[in-house]
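Asks: Can you keep this structure in mind? I'll have questions shortly.
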Amino acid sequence: MDDIRNIVILTGAGISAESGLATFRGPDGLWEGHRVEDVCTPEALARDAALVHRFYDERRAKLADVRPNAAHEALAALDAQWPGELLIVTQNVDDLHERAGAKRLIHMHGELRSALCAGCGKAKRWTEALPPGSVCDGCGRALLRPDIVFFGEMPYEMDAIDDALRRADLFVSVGTSGAVYPAAGFVQTARHVGARTLELNLEPSAGSFYFEESRMGAASVLVPELVRELLG
Ligand code: OAD
């Protein structure tokens, strides 16, 4: 890894699983109990705001019971010590990366502890339940909604992510099934610009064949190992 300067790390629900947060897919996954289209689309919010708000209220409340694990901590240490460019792009809406201390971080799918004004687009830190009908105190008119990128909406900061990917020497994907685009396609951009590509996951992801190297195992073990390798 001596020739690596710029790093992009994509994380998914698997990195928070060992902290006690459910992943989306699989037998105990969040989407097993809910249809995505009932809780994670603009149409669902318009049809049944109470159900959508309750789903995210429960998940926001759960954040009080969980802590970052060794994988979040190792990435935060890498962020603090890595002299080159580094960007952690998370699909997760929990706040475990930042609680571990990560700074160079983008939440591409939004954040549970944030409320978004559906009118003016202003986001506001929000740690409690978010009652449907709450009005934005910025514009004073439109309703607040969970600050979650629903299916059919554009993820946040795609330009910044694309710029980082195009400068990357190493792209690492951690704990994601590779089922949701555009994140699932980042490996292809990284390969296109000649970056090394490495997947860390419990099992091969949907796009496993795009990665030069795959290491299978728990994020709490594999991520600290990789960080030790990178920091020498
Ligand atoms: P998934 O639930 O689809 O995938 C989680 C992945 O983590 C699976 O491949 C697991 O094998 C792996 N995994 C589980 N435990 C692990 C562990 N301890 N160590 C390493 N890997 C582990 O979650 P995501 O890929 O993050 O979007 O899902 C992507 C998006 O789909 C989410 O951001 C969400 C969802 O719909 C929105 O809500 C917008």
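Asks: Return the Cα extents of region 120-184 along principal axes one, two and three, sorted largest first, each rounded to a whole Å.
Replies: 45, 23, 23
Asks: Something else now. Could you pull out every Cys in the chain that lacks a partner Cys with its beta carbon under 4.7 Å away?
Replies: So, Cys40.
Asks: Let me ask you something else. Given only helices, namely DSSP H runs of n ≥ 4 each adding -39500 (n - 2.57), what is the per-residue ellipticity at 222 nm of the chain, to the nearest 500 deg cm²/dmol?
Replies: -9000 deg cm²/dmol
Asks: Return Val93, Val223, Val193 ranked ascending by Cβ neighbour count within 10 Å, so the fewest neighbours appear first. List each step's numbers first, then the result.
Replies: Numbers: Val93 24, Val223 27, Val193 12.
In increasing order of surrounding Cβ atoms, one gets Val193, Val93, Val223.
Asks: Then there is this: Binning every alpha carbon pair distance of region 17-69 at 10 Å from zero, what are the percents per bin?
Replies: Pairs per bin, as whole percents: 24, 47, 26, 3.
Asks: If you wrap region 100-232's Cα atoms in a convex hull and average its projection over all directions, what's the area in nm²?
Replies: 9.9
Asks: Helix 70-81 sits at what angle to the longest principal axis of the chain, using alpha carbons and giving 0 to 90 degrees rounded to 10?
Replies: Its long axis makes an angle of about 70 degrees.
Asks: Taking only the alpha-carbon atoms of region 17-115, what semi-axes of the equivalent ellipsoid follow from 5 times the gyration tensor eigenvalues under a square root, in whole Å, largest first?
Replies: Semi-axes from the Cα gyration tensor: 28, 15, 12 Å.
Asks: Residues with amide H under 5 Å of Leu105's amide H, sequence separation 5 or more or different chain, H placed in the peptide plane at 1.01 Å from N; which?
Replies: Answer set, sorted by chain and number: Ile88.
Asks: If the chain between Asp65 and Glu37 were fully stretched, how many nm would it gain, using 0.36 nm times the residue separation less the Cα-Cα distance? Present the calculation step by step, with values, prior to reporting the outcome.
Replies: Working: separation 28, 0.36 × 28 = 10.08 nm, distance 2.73 nm.
Value of the extension gain: 7.3 nm.
Asks: Once all Cα-Cα distances of the chain are split into 5 Å bins that start at 0, what whole-number percent is in each one?
Replies: 1, 7, 14, 19, 19, 16, 11, 7, 4, 1, 0
Asks: Set the Förster distance to 25 Å, then compute FRET efficiency between Lys103 and Arg228 from the Cβ-Cβ distance, nearest 0.05.
Replies: For Lys103 and Arg228, the calculated efficiency is 0.75.
Asks: Determine the sum of side-chain charges near Trp126: Lys and Arg each +1, Asp and Glu each -1, restricted to other residues whose C-beta is under 13 angstrom from that of Trp126.
Replies: My count for the surroundings of Trp126 gives +1.
Asks: Looking at the chain, identify the longest residue range that excludes and avoids all trypsin sites (Lys or Arg not before Pro) in DSSP loops having at most 11 other Cβ atoms within 10 Å.
Replies: Longest stretch, sites excluded: 142-232.
Asks: What number, in percent, do you get for the relative contact order of the chain if the mean sequence gap of Cα pairs under 8 Å and at least 6 apart is divided by its residue count?
Replies: 24
All of the numbers you see were taken from the coordinates with simple rules; none came from a lab. All values derive from a computational prediction rather than experimental measurement. Positions of Cβ are backbone-derived with ideal geometry, glycine not excepted, and every protein chain shown enters the neighbour counts.
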